[in-house]
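Encoded as structure tokens, here's the structure I'll be asking about.
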Amino acid sequence: MKAIYALFPDPGSAQDAFDALRGSSSTTGIDAAKIVVVSSEPFEGYDFSVEDAGKSYMFPLAALGGIAGGGFGYWLASFTQQSYPLNTGGMPIVTSWTNGIIIYELTMLGAILTTLATLLVTAGLPNFKRQLSDPEIWTGKILVGVTDPPEGARAALEEKFRQAGALAVKDFSSTS
Amino acid sequence: MKKSEEQIQKDLLRPLFEASAGYWFAVAAAASLVLAGAGAMFYGFYNGIGVWGLNSPVFWAFDITNFVFWIGISHAGTLISAILRLANAAWRRPVTRCAEAITVFALSIGAIIPISHVGRPWLAFWMFPYPNERGLWPNFRSPLAWDFFAIATYLIGSISFLLLPMIPDFALIRDSTTGFRKKFYGLLSLGWQGTPRQWHRLETAMHVMAIVIIPVAVSVHTIVSWDFAMTPVPMWRSTIFGPYFVCGAIFSGIAALILAMALLRKFLRLEEYLQPMHFSNLGKLLLTFSLLWFYFTFAERLTTWYANEESEMNVFWSGVRGEFAPLFWAMVTLNFLIPVPILAIKRLRTITGTVVASICVVGGMWLERFLIVVPSLSRKYLPYAWGSYRPTWVEMILMASGFGLMALLYLVFSKIVPMIAIWELKVGMQEAHTGGAGEPAMACQASGKSVIGGASS
């Protein structure tokens with residue numbers, strides 16, 4: 001993967017660059033899906049942070065995970081009680097009140113594990129391939145770049161970056 | 001002085017690359033305690049837990065006291081952190097990681113204790129639910145089985161809650177170092193890049209986790225209280241044991257958090273990040289829980305006294321004016337009489353004041369756990385079966401080693417992970433500039449506010 005990117009001092013100029021890149025896709029031939037923004041902290045209220053994020057469905061998935069966990073809890077407790085019945089002196093073998101505690105804990109565990117899995121899958125983690133980044137982002141700069149830009153678009157892209165207030169324009173290759 | 005992002009990173013990453021002689025001395029002292037504890041534990045395994053002071057009728061004592069105490073301490077972190085996150089309290093930012101680490105370590109220490117109590121831990125697989133010829137299987141009606149599920153869920157949730165916000169910080173260290181460290185943190189950061197999508201997912205996941213972990217935390221100590229409350233032993237079968245235990249757990253947890261923060265502030269030179277305001281705010285929480293604890297303690301004993309049921313009164317009087325009275329009144333003094341004035345008077349609610357109050361509370365809450373367990377067992381229904389209990393040196397060492405293990409884990413952790421979430425501080429700084437949600441966590445000096453806290457310092 002190759003990329004051309006620029007570093008911006010603040011989210012406002014990063015947003016300008018993002019808008020300029022999107023607006024020029026017809027002239028430069030870049031695919032809007034290949035515009036990448038990288039930062040050392042989350043930013044709220046900017047298009048570049050909203051458009052890439054999309055919907056995660058993390059809450060409903062966590063709820064589904066909870067239901068699955070609770071169902072497993074019910075099965076585990078009741079199956080064990082029926083398979084290895086204790087002498088309860090005429091009291092119920094499958095005890096709803098106490099099994100409720102196991103069901104409750106496994107419901108929560110199901111929600112936690114589903115949330116973890118959803119995060120990893122939707123955030124693309126783990127990913128140990130070399131990715132577009134720059135150590136400068138950790139000093140507060142924001143990276144805006146284009147991966148696999150069309151041949152001959154470099155000059156036009158660099159101009160767009162400079163006009164938006166880029167501090168530096170750089171090239172990136174995942175193989176170097 | 002206004003801190004730049006680079007300066008913040010430098011300050012918070014410094015403990016990872018530098019260590020004072022005091023740090024290594026603390027590691028050596030903590031490791032010695034852990035080694036002594038390991039020796040005491042293996043001595044117990046070799047000779048049997050008869051080397052403890054347990055006897056008939058006191059079959060539970062120091063070990064279960066330590067278990068309940070450490071599970072209680074674990075309530076400092078994840079629960080408080082989750083509540084502060086959901087409330088969007090900006091002053092939480094320098095505090096949350098210190099707190100969440102306490103939960104994970106305290107829960108782990110608590111979970112070790114039942115293993116030593118079973119005496120022959122290599123046969124622990126007998127408790128697993130699989131078909132066998134011994135006629136043994138998990139009894140899902142037993143509070144001890146509930147404990148397993150509650151503690152396992154809380155531990156997994158707390159580890160996740162601690163680890164997730166560390167991923168971006170690991171990526172920062174990965175990109176700031178070379179050689180082995182770069183590889184090590186590269187692995188831990190899972191290839192974190194920092195795209196808006198990743199940030200959004202991380203923040204959403206933390207939000208979901210915060211919502212889920214609060215009821216789990218409450219359930220954990222409620223279930224620990226049911227280890228006692230489900231048993232027909234005088235002064236154990238109480239309907240308020242659940243909330244009483246949860247209150248006590250949060251109370252001791254906040255105290256432990258204040259102590260940990262004070263030590264980190266001193267040894268890692270984090271004075272500019274862990275400010276008096278953080279101690280004062282936590283001091284107010286500690287004061288609230290001291291009052292709540294006293295309310296529960298009074299309500300619990302008043303109803304016992306009013307009912308005047310003979311078996312319960314035997315236990316009641318042994319605590320108030322009998323064999324255990326010195327411990328009982330020491331508990332009241334340490335949990336209520338000393339901390340309340342210190343924490344209620346603003347002039348005394350300083351870092352030193354909150355630390356003194358917290359030391360008292362940690363000691364007082366350990367005594368509270370002991371006084372719940374031992375007096376009730378030593379004076380059960382039949383007077384001819386009454387007994388008493390004295391701990392042996394083996395139990396004393398095991399108790400001390402718990403504190404040593406906590407200190408050691410914390411010290412090692414502070415060498416691997418920045419004790420304050422760097423990216424979260426940056427978000428606070430950003431909110432201060434843009435007037436984002438919540439009070440500014442890291443207001444810029446230009447606006448006349450604190451660099452780290454929500455108020456001028």
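Looking only at residues in segment B:125-165 that are surrounded by fewer than 21 Cβ atoms within 10 Å (Cβ to Cβ), of a type in the set (Phe, Trp, Tyr) and outside any helix (DSSP H, G or I), which one is nearest to the other protein chains (Cβ to nearest Cβ)?
Per the stated criteria, the residue is B:Trp137.
Within segment B:166-190, take every residue that is outside any helix (DSSP H, G or I) and modelled with pLDDT of 90 or more and give me the one that is farthest from the other protein chains (Cβ to nearest Cβ).
Among residues in segment B:166-190 that are outside any helix (DSSP H, G or I) and modelled with pLDDT of 90 or more, the one farthest from the other protein chains (Cβ to nearest Cβ) is B:Ser189.
Same structure again: Closer than 22 Å to B:Tyr154 by Cβ and either more than 14 Å from chain A (Cβ to nearest Cβ) or assigned to a helix (DSSP H, G or I) (or both): which single residue out of B:Trp305, B:Trp236, B:Trp226, B:Trp199 fits that description?
B:Trp226
Related question: Give B:Phe69, B:Phe45 a once-over and let me know the one that is closer than 21 Å to B:Phe324 by Cα and touching a helix residue (DSSP H, G or I) at 6+ places or on another chain (Cβ under 8 Å).
B:Phe69
Is it the case that some residue within segment B:322-340 is modelled with pLDDT under 95, in a helix (DSSP H, G or I) and hydroxyl-bearing (Ser, Thr, Tyr)?
No - not one qualifying residue is present in segment B:322-340.
Hey, among the residues in segment B:202-221 that are more than 7 Å from chain A (Cβ to nearest Cβ) and within 15 Å of the chain's Cα centre (by Cα), which one's nearest to B:Phe245 (Cα to Cα)?
Among them, the one singled out is B:His221.
Any residue at all in segment B:73-84 that's surrounded by fewer than 19 Cβ atoms within 10 Å (Cβ to Cβ) and free of Cβ contacts under 8 Å to residues at least 12 places away in the same chain?
No, because not a single residue in segment B:73-84 is surrounded by fewer than 19 Cβ atoms within 10 Å (Cβ to Cβ) and free of Cβ contacts under 8 Å to residues at least 12 places away in the same chain.
So, B:Met331, is that one surrounded by 17 or more Cβ atoms within 10 Å (Cβ to Cβ) and under 18 Å from B:Leu259 (Cβ atoms) or not?
Here the answer is no, as B:Met331 does not meet what is asked.
Under 6 Å by Cβ, and 6 or more places apart or on different chains, what pairs join a residue from segment A:96-125 that is facing another protein chain (nearest Cβ under 7 Å) with one that is among the β-branched types (Val, Ile, Thr)?
Once the first residue is facing another protein chain (nearest Cβ under 7 Å) and sits in segment A:96-125, its partners that are among the β-branched types (Val, Ile, Thr) give A:Glu105/B:Thr153; A:Met108/B:Thr153; A:Met108/B:Val212; A:Met108/B:Val216; A:Leu109/B:Thr153; A:Ala111/B:Val212; A:Ile112/B:Val212; A:Thr115/B:Val208.
Could you go through segment A:76-85 and let me know if any residue there is outside the structural domain of A:Ala20 (by TED's automatic domain parsing) and within 16 Å of the chain's Cα centre (by Cα).
Within segment A:76-85, none of the residues are outside the structural domain of A:Ala20 (by TED's automatic domain parsing) and within 16 Å of the chain's Cα centre (by Cα).
Does B:Thr103 satisfy the criteria of being surrounded by 16 or more Cβ atoms within 10 Å (Cβ to Cβ), within 20 Å of B:His207 (Cα to Cα) and polar (S, T, N, Q)?
Yes, satisfied.
The values are calculated or read from the model by the stated rules, or taken from the named source; none is laboratory data. Keep in mind it's a predicted model, so treat the numbers as computed, not measured. Don't worry about glycine lacking a Cβ; one is built from the backbone with ideal geometry, like all the others, and counts go over all protein chains shown.
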